[in-house]
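The values are calculated or read from the model by the stated rules, or taken from the named source; none is laboratory data. All values derive from a computational prediction rather than experimental measurement. No Cβ is skipped: glycine too gets one built from the backbone with ideal geometry, and neighbour counts run over all protein chains shown. Quick note on the areas: whole protein, heavy atoms, side chains included, nothing else; ligands and nucleic acids left out. Shrake-Rupley method; radii C 1.70, N 1.55, O 1.52, S 1.80 Å.
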Amino acid sequence: LVKAIKNKRILIVFFKIITFLVLIYFLVQSLNKVDWNLQTIQLNQPIALIFAVLLVPVNWFFEWLKWKETLRFSLVSTSPTIAFQAFCSGIVTGMLTPNMQGNFLGRIYYFERKYRVDLILSTLISNYGQFLMSLLFGVLSILILMKTPLNWPIVPILVVVISALLFFIGLYFYFEKVASFFVKKKRTFPIFHRLKTQQSFRWKIIYFSLLRYSIFVIQFALLLLAFGLPFSLELIFWIWQVYLWVTISPSLFLGKLAIRESISLWALTFAGYQQPSILIASFSVWILNLFIPTIFAIFIAKKK
């Protein structure tokens, strides 16, 4: 059994590496086709860029509220300083792990061992809530636009994505029941009981995740506007779809750097938007929301 699990992990890592290399190849090919005329990459709307920058602390404030709710739900009592240092440490480890899911690695070591299992599970649920928002609005985008960059019939795509959405919603709200099948019968986690009796925790996570997702979308739209793309409601729907494909794509490290740019090019070029503006806006989202906060967090987090 152990050998089978190891082989499965090797296959998953191999699949991720192959997918990552394919996306990098696509990005390089797309970059070669871009006309890098300076006139096409001018900053047309500085005000939009300023607003996008101002939304960065708002974005992370909502993530901070999710973290505070996670601590409360896990029955962890600590000082605001330790809580903030753990939060910043989570930003760093999240940046260095696939899809930012490793934020719990940096957080848990600021607390006693007896709290760590609860903190890991509740943090994963918090991350999962953010995943659900990307999936939900991505499905809505496909339903509204009735098209995707995939060269497949729209009906099978809708069947697959709607089925996936319903499955993951069920998994989110019945996490403790699903997880109980994968633990020893004699072993129970107190957090499972709290999940059953305190449904408000998951709804609060959904609420904060929705607010944070809205910030991501607004920032991307503002940056596209800043670098020359005209704003429209259709552009918002396509941004929803970009985040859908980015979320479900495998990643290796650095918050899906290069993967986000590849998928943004793929989806928004299909929608008829200019390539240089897409690349600059997508890379700026990464710089503002991940790279700069990580540099800040490195100096805040207590070294252990």
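Cut-off under 19 Å on the C-alpha distance; same-chain residues fewer than 8 positions from Lys177 excluded. Which aspartates and glutamates are left, in chain and number order? The reachable aspartates and glutamates, counting only those whose Cα sits under 19 Å from Lys177, are Asp118. Once the dipole of segment 61-140 is set up with Lys and Arg at +1 and Asp and Glu at -1 on Cβ about the Cα centre, which of Ser122, Phe62, Ser77 lies farthest towards its positive end? Checking the options against the dipole of segment 61-140, the answer is Ser77. For segment 57-126 versus segment 160-179, the spacing of their alpha-carbon centroids is 23 Å.
Just the number, please: carbon plus sulfur as a percent of the accessible area of segment 81-173, 1.4 Å probe, no ligands or DNA/RNA counted.
On the way: 3020 of 4100 Å².
Summing carbon and sulfur atoms, their accessible area is 74 percent of the total for segment 81-173.
Each residue of segment 293-301 was assigned a 3J(HN,Hα) from its phi angle through the Karplus curve 6.51 cos²θ - 1.76 cosθ + 1.60 (θ = phi - 60°); the sequence is x, 5, 4, 4, 5, 4, 7, 8, 4 Hz, with glycine and proline shown as x.
Here segment 63-119 is treated with +1 on each Lys and Arg Cβ and -1 on each Asp and Glu Cβ, and its dipole about the Cα centre works out to around 100 debye.
Roll a 1.4 Å probe over the protein chains and send me the accessible area per residue for segment 200-295 in Å². Don't jump to the answer; show the numbers that get you there.
Details: 3160 Å² over 96 residues.
Roughly 33 Å² per residue, with all protein chains present.
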